[in-house]
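For reference, the structure is listed below as structure tokens.
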Amino acid sequence: MDASEIVARLELNLMSLGIYVERHDRESGTLHVEYETADAGLTQVDLGHVSTELRDAYEDGWKPEDCRFWVFDTEGGFHGEWFLRAGWLRALERGDLTETDFSTLVLSAREPAEEPPAEVPAFGGDTPA
């Protein structure tokens with residue numbers, strides 16, 4: 001499963017949950033995905049839906065890669081961004097991370113906009129170490 005296939009999977013499977021994938025790009029080994037959400041901000045629910053879909057894709061043979069998500073409201077205001085490391089998925093599968101540890105890592109990766117919805121940033125960029 002390549003980047004365009006994983007993005008198509010996210011788009012198809014998350015739309016009914018109020019998450020609308022708008023575009024994607026690959027930069028410096030990181031898959032960047034921009035999506036709009038019907039939720040108010042970087043919610044646990046949205047992050048849970050997206051990360052669960054990525055976990056399912058991994059179980060279906062996707063070779064995980066680092067992902068950065070840019071989150072907007074349906075009016076185009078910027079809520080913030082978050083990331084998911086490929087290594088977190090592999091560690092979870094090996095049993096090196098518990099479900100709770102994995103969820104904690106995902107939630108700690110949120111970087112909310114200062115005053116959401118905020119001005120739209122440039123798409124892409126470096127993933128923090």
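Let me know the shape class of region 3-112, please: from the alpha-carbon gyration tensor, a ≥ b ≥ c as square roots of the eigenvalues, rounded when a/c is under 1.5, otherwise prolate if a/b is greater than b/c, or oblate.
Verdict is prolate for region 3-112.
Tabulate in residue order the Karplus-calculated ³J(HN,Hα) for region 29-34, using 6.51 cos²θ - 1.76 cosθ + 1.60 with θ = phi - 60°, rounded to whole Hz; enter x for Gly and Pro.
x, 10, 8, 9, 10, 9
What's the extension gain from residue 66 to residue 12 if we count 0.36 nm per residue and subtract their Cα-Cα distance?
So the chain would gain 17.4 nm between residue 66 and residue 12.
Can you put 85, 94 in order, fewest other beta carbons within 10 Å first?
94, 85
Given the peptides 65-71, 2-8, arrange them by the average over their residues of other C-beta atoms within 10 Å, most packed first. Let's see the in-between values first.
On the way: 65-71: 22.7, 2-8: 15.0.
For the peptides 65-71, 2-8, the packing ranking is 65-71, 2-8.
For a quick check: with amide H placed at 1.01 Å from N, whose amide H comes under 5 Å from residue 27's, ignoring anything fewer than 5 positions away on the same chain?
32
Read the figures in this text as sums done on the coordinates, not as results from a lab. What you see is a predicted model; the values in this text were computed from it and never measured. For neighbour counting, all protein chains shown are included, and Cβ atoms are generated from backbone atoms with ideal geometry for every residue, glycine included.
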